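Down below is the structure, laid out as structure tokens.
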Amino acid sequence: MPTKIEKDTLSGQNTTGHEWDGVRELNTPLPTWWIYTFYATVVFAIVYCALYPSWPWLNGHAKGMLGYWSRAELTQELDAQAKARAGFVDRIRTTSLADIAKEPELFSFAMAGGRSAFQTNCMQCHGAGGAGSHGFPNLVDDDWIWGGSLEQIHATIEHGIRNADDKSRQSMMPRFGVDGMLTGAQIAAVTDYVLSLSGKAQATPEGTQIFQEQCAACHGPDGKGNQELGAPSLADGIWLYGGNRDAIYRSIFYARNGSMPPWAGRLDEATIKMLTIYVHALGGGR
Amino acid sequence: MGIDTKVRDDEAVSLAAQKAELPLYVTRIKVYPRAIAGQWRRIKWAVLVLLLGLYYLVPWLRWDRGPNAPSQAILIDLDGRRGWFFDVVIWPQEVYFVTGLLILASLGLFFASSLFGRVWCGFTCPQTVWTDLFMLVERWIEGDRNERMRSDRQPMSAAKAARKGLKHAAWLVIAAATGGAWVFYYVDAPTTLIKIFRGEASLEVYTFVGLFTATTYVLAGWAREQVCTYMCPWPRFQAAMLDEQSLIVTYQKWRGEPRGKHKAGDSWDNRGDCVDCRLCVAVCPTGIDIRDGQQIECIGCGLCIDACTQTMDKVDRPRGLIRWDTLANQHAKETSAVKGTGRVAWRPLRPRTLLYAGLLCLVSAIMLAAFLLRSDAELTVQRDRSPNFVRLSNGDIRNSYTLKILNKRREEAHFRVSLEGLPSAVLAFVGADTDGAAESPSLVVHPDAVGTFRVLVTVPAKGAPMGSKPITFQVHEASQARRASHDAVFVGPGR
């Protein structure tokens, strides 16, 4: 029941005039500073909505009077960054790979740029540390399929492997089993011969003969490979598709023709050079 | 201002007494501290001048360190990641020296508190010092206690508004100077001062000047004793450092009571020495009545001692009715057969003070040893873990590491690297800033910088460890015999 609004003696506040079973409620208004802060936030919100992008429409959104766009800000920052880097980037572009490696300042710039380009473009297949994985070569060891010199690495990155690029590295291993060039028994014999190159099995005369006839042209009579043709060495302990009997058998039966995209059109010249320096310095460069 | 004991009763009533009349829900009752002259006031002024002088002027001390180094004697250069203290340069890695200084400061605080009570609160705390300064300005502009009280009771007038405005303007100027001086410890003072006025300083500088201006103005101008009573945690646990042997401000109840007005010529028999002039209450910056005994609000500033000394001199009674004393001594005097004859000597050497002094010496010794033994060449080693190890085509096992060599000297240094724990290992450096032979190149580290080098450690298949093996990298400088080492592991296949 509404009662009279009166002043409470203890607190000095007015009551609300409401009473429930003798319990009266004090009218304690919100603090003035709170009210004004609240009004200020309302005004701020209105001004903000007018100035900045805010309301979504069905197709697009309110652009705001200032025309602010976070992407434009980002582009500006990226441009400023590119401008700050321009001096180094130009020097990278005009300096030969061998000379970049000799200049400490340029080298560390190339390493940093190469690392970031590697983490963006290469690590998906070759791993964050360049250790590779099944079917994707390890770039940290000293075994190179297409060559580990600065120029060779540069050419591989620029044009890729077994793709549509004119200058792409090209070669093809025959599908000995699928295409019926060798029988299963013959493939097994060659597998034994390949294993024997790293001392893991005993070669048979048949296997030796087939290897020399079918494989030696590319992989070399001693099985040490040929980087011109991208034929990996079969005599070391490094296997791209696995080094056990089963994996080698399947490599011969189905053939392996891994590919890599060309980067010339996607990355600029300086970035490819920096990537080359970085990959070369991962530990395996020659 | 002269001797004036005619403070009106209704004006000089302690906050506790005023609040006792009111319900629990009350807003702040403003304290109007009165000016007082005396020995402790003089000491407080001297401490204030010394501390504020140090605070405002130290950033302006210059120190020639040659080219490419700041010429500010004390500078905490956050951008350059160096702390400059005269000829000492602290790197971020050595921030434990700052931690040590903070530990020393807190132990010093414990020690001083156990000896002299709330000497920190009453004399040296920034809140006390700046509040004193703000009160001084307030007194110059608005007059002393009674004038200020009268003025505040009157309605607003042009003259009153002018006085108030002038006071707040003066406070803001002091506050801004305080905020500015804070910033000068982190940036070069002379150039930044000019930049601040030209509007060219960084946003950080303006933010921190603004922040410390605001806190100084609000805490010293408006909050004052509320900071000590309600906000500050230190007085709460300071109680743990005090005991009955700590020197504190005491009212000698046995001598003062029964208190009462005294007319010149009246007898002093059968009454206490306290003439109830309430001067001690009027001068108190926290608005308490020291005659009520120990109180949480008392900051131990000693101004009531000055007030009481003045009154005792005027009525020609012995000084020291309010004085520094220990609770133990007070109790002895109170309970002795002839009151005031009992005595408990002040014992500065107590287990508590000895413990604090011992800790203080111990930490100082550790700090000093750490400082004297601090190396100006350091090595850290980080092993590449992706991949964990590399098997080379001939079966050799290789691990790669990133070496960071800190050269804290201001000249270029050449380090050679050696490895312990793997006799068959071969080291190769990748594109390093090196000179000398490829097998054992000397690594060049620029002055006052960190050199980063990548090193490949290769072990023949037969010598490769199963699992991980602890190894130690060492760098040494041929010319100056500086050495540093860092432990690492070499990981091989297997396990």
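The values are calculated or read from the model by the stated rules, or taken from the named source; none is laboratory data. Because the structure is a prediction, the values reported are computed rather than measured. Positions of Cβ are backbone-derived with ideal geometry, glycine not excepted, and every protein chain shown enters the neighbour counts.
If only one of B:390, B:381 is under 30 Å from residue A:284 (Cβ atoms), among the β-branched types (Val, Ile, Thr), within 14 Å of chain A (Cβ to nearest Cβ) and surrounded by 16 or more Cβ atoms within 10 Å (Cβ to Cβ), which one is it? Don't jump to the end; show me each part of the working.
Details: B:381 fails: within 14 Å of chain A (Cβ to nearest Cβ).
Sole residue among the options that is under 30 Å from residue A:284 (Cβ atoms), among the β-branched types (Val, Ile, Thr), within 14 Å of chain A (Cβ to nearest Cβ) and surrounded by 16 or more Cβ atoms within 10 Å (Cβ to Cβ): B:390.
Which ones in region A:115-146 are surrounded by 14 or more Cβ atoms within 10 Å (Cβ to Cβ), in a loop (DSSP other than H, G, I, E, B) and more than 14 Å from chain B (Cβ to nearest Cβ)?
Result: A:146, single match.
Yes or no, residue by residue, for (1) under 28 Å from the mean Cα position of the chain (by Cα); (2) of a type outside the set (Asp, Glu); (3) closer than 19 Å to residue B:92 by Cα:
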position: B:340; (1), (2), (3): no, yes, no
position: B:359; (1), (2), (3): yes, yes, no
position: B:363; (1), (2), (3): yes, yes, no
position: B:377; (1), (2), (3): no, yes, yes
position: B:383; (1), (2), (3): no, yes, no
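For (1) surrounded by 15 or more Cβ atoms within 10 Å (Cβ to Cβ); (2) on the phi > 0 side of the Ramachandran plot; (3) modelled with pLDDT under 90, each residue gets a yes or a no:
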{"residue": "B:210", "(1), (2), (3)": "no, no, no"}
{"residue": "B:221", "(1), (2), (3)": "yes, no, no"}
{"residue": "B:249", "(1), (2), (3)": "yes, no, no"}
{"residue": "B:256", "(1), (2), (3)": "yes, no, yes"}
{"residue": "B:266", "(1), (2), (3)": "no, no, yes"}
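Which one of these does residue B:307 not meet: (1) outside any helix (DSSP H, G or I); (2) closer than 30 Å to residue B:222 by Cα?
Of (1) outside any helix (DSSP H, G or I); (2) closer than 30 Å to residue B:222 by Cα, only one is false for residue B:307: (1).
Just one of A:220, A:225 is closer than 24 Å to residue B:396 by Cα, at pLDDT 90 or above and surrounded by fewer than 18 Cβ atoms within 10 Å (Cβ to Cβ); which is it?
Values: A:225 fails: surrounded by fewer than 18 Cβ atoms within 10 Å (Cβ to Cβ).
Result: A:220 is the single residue among A:220, A:225 that is closer than 24 Å to residue B:396 by Cα, at pLDDT 90 or above and surrounded by fewer than 18 Cβ atoms within 10 Å (Cβ to Cβ).
Look through region B:87-103, keep the residues that are modelled with pLDDT under 90 and exposed (fewer than 11 other Cβ atoms within 10 Å of the Cβ), and return whichever of them is nearest to the chain's Cα centre (by Cα).
Ranking the candidates gives B:92 first.
Looking only at residues in region B:393-406 that are over 19 Å from residue B:487 (Cβ atoms) and touching a residue at least 40 places away in the same chain (Cβ under 8 Å), which one is farthest from the other protein chains (Cβ to nearest Cβ)? Working first, answer last.
Here is the first cut: in region B:393-406, the residues over 19 Å from residue B:487 (Cβ atoms) are B:393-398.
Pick out the ones that are also touching a residue at least 40 places away in the same chain (Cβ under 8 Å) and you get B:394-398.
Numbers: B:394: 7, B:395: 5, B:396: 9, B:397: 10, B:398: 7 Å.
Taking the candidates together, the pick is B:397.
To keep it simple, each residue is scored yes or no on (1) more than 14 Å from every other protein chain (Cβ to nearest Cβ); (2) in a helix (DSSP H, G or I); (3) of a type in the set (S, T, N, Q).
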residue	(1), (2), (3)
A:66	yes, no, no
A:80	yes, yes, no
A:83	yes, yes, no
A:112	no, yes, no
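Can you work out which of the residues in region B:471-490 that are β-branched (Val, Ile, Thr) and surrounded by fewer than 18 Cβ atoms within 10 Å (Cβ to Cβ) is farthest from residue B:390 (Cα to Cα)? Steps first, please.
Narrowing region B:471-490 to residues β-branched (Val, Ile, Thr): B:471-472, B:475, B:489.
From what is left, the residues that are surrounded by fewer than 18 Cβ atoms within 10 Å (Cβ to Cβ) are B:472, B:489.
Values: B:472: 20, B:489: 15 Å.
Filtering region B:471-490 for residues that are β-branched (Val, Ile, Thr) and surrounded by fewer than 18 Cβ atoms within 10 Å (Cβ to Cβ), the one farthest from residue B:390 (Cα to Cα) comes out as B:472.
For the list (1) more than 14 Å from every other protein chain (Cβ to nearest Cβ); (2) within 18 Å of residue A:226 (Cα to Cα), I need the number of the one condition that residue A:96 fails.
Checking residue A:96 against (1) more than 14 Å from every other protein chain (Cβ to nearest Cβ); (2) within 18 Å of residue A:226 (Cα to Cα), the one that fails is (2).
Can you name every residue in region A:225-257 that is assigned to a loop (DSSP other than H, G, I, E, B), in contact with a helix residue (DSSP H, G or I) (Cβ under 6 Å, 6 or more places away or on another chain) and away from every other protein chain (no Cβ under 14 Å)?
Of region A:225-257, the ones assigned to a loop (DSSP other than H, G, I, E, B) are A:225, A:227-230, A:232-244, A:255-257.
If we keep only those that are in contact with a helix residue (DSSP H, G or I) (Cβ under 6 Å, 6 or more places away or on another chain) as well, we get A:225, A:229, A:234-235, A:241.
Selection gives A:229, A:241.
I'm trying to understand the selection: among the residues of region A:8-28, which are surrounded by 10 or more Cβ atoms within 10 Å (Cβ to Cβ), away from every other protein chain (no Cβ under 14 Å) and not basic (Lys, Arg)?
Within region A:8-28, A:14, A:15, A:16, A:17, A:18, A:19, A:25, A:27 meet the criteria.
Looking at region A:258-282 only, could you name the residues that are assigned to a loop (DSSP other than H, G, I, E, B) and touching a Lys or Arg at 6+ places or on another chain (Cβ under 6 Å)? Don't jump to the end; show me each part of the working.
First pass over region A:258-282, keeping only residues assigned to a loop (DSSP other than H, G, I, E, B): A:258-259, A:261-268, A:282.
Passing the criteria: only A:259.
What do you reckon, is residue A:89 part of a helix (DSSP H, G or I), in contact (Cβ under 8 Å) with a residue 60 or more places away in the chain and not charged (D, E, K, R)? Write out each step before concluding.
Details: part of a helix (DSSP H, G or I): yes; in contact (Cβ under 8 Å) with a residue 60 or more places away in the chain: yes; not charged (D, E, K, R): yes.
Here the answer is yes, as residue A:89 does meet what is asked.
Kindly provide the set of residues from region B:415-432 that are in contact with a strand residue (DSSP E or B) (Cβ under 7 Å, 6 or more places away or on another chain), more than 20 Å from residue B:491 (Cα to Cα) and within 14 Å of chain A (Cβ to nearest Cβ), ordered by number. Steps first, please.
The initial filter retains those residues of region B:415-432 that are in contact with a strand residue (DSSP E or B) (Cβ under 7 Å, 6 or more places away or on another chain), namely B:415-422, B:424-430, B:432.
If we keep only those that are more than 20 Å from residue B:491 (Cα to Cα) too, we end up with B:415-416, B:432.
The one that is in contact with a strand residue (DSSP E or B) (Cβ under 7 Å, 6 or more places away or on another chain), more than 20 Å from residue B:491 (Cα to Cα) and within 14 Å of chain A (Cβ to nearest Cβ): B:432.
Within region A:265-281, how many residues are surrounded by fewer than 16 Cβ atoms within 10 Å (Cβ to Cβ), farther than 20 Å from residue A:87 by Cβ and either touching a residue at least 60 places away in the same chain (Cβ under 8 Å) or touching a Leu at 6+ places or on another chain (Cβ under 7 Å) (or both)? Full working, then the answer.
The first filter runs over region A:265-281 and keeps only residues surrounded by fewer than 16 Cβ atoms within 10 Å (Cβ to Cβ), leaving A:265-266, A:268-269.
This time we only want the ones that are farther than 20 Å from residue A:87 by Cβ, so: A:265-266.
Imposing the further condition that a residue be either touching a residue at least 60 places away in the same chain (Cβ under 8 Å) or touching a Leu at 6+ places or on another chain (Cβ under 7 Å) (or both) reduces the set to A:266.
So the count comes out to 1.
Keeping to region B:222-263, report how many residues are touching a residue at least 12 places away in the same chain (Cβ under 8 Å) and of a type in the set (A, V, I, L, M). Working first, answer last.
From region B:222-263, those touching a residue at least 12 places away in the same chain (Cβ under 8 Å) are B:224-229, B:232, B:234-235, B:238, B:241-262; that's our starting set.
Okay, now just the ones that are also of a type in the set (A, V, I, L, M), so B:227, B:241-242, B:247-249.
Qualifying residue count for the region: 6.
Please pick out the residue among A:236, A:246 that is in contact (Cβ under 8 Å) with a residue 60 or more places away in the chain and either surrounded by fewer than 18 Cβ atoms within 10 Å (Cβ to Cβ) or under 34 Å from the mean Cα position of the chain (by Cα) (or both). Break it down into steps so the answer makes sense when it comes.
On the way: A:246 fails: in contact (Cβ under 8 Å) with a residue 60 or more places away in the chain.
Among A:236, A:246, only A:236 is in contact (Cβ under 8 Å) with a residue 60 or more places away in the chain and either surrounded by fewer than 18 Cβ atoms within 10 Å (Cβ to Cβ) or under 34 Å from the mean Cα position of the chain (by Cα) (or both).
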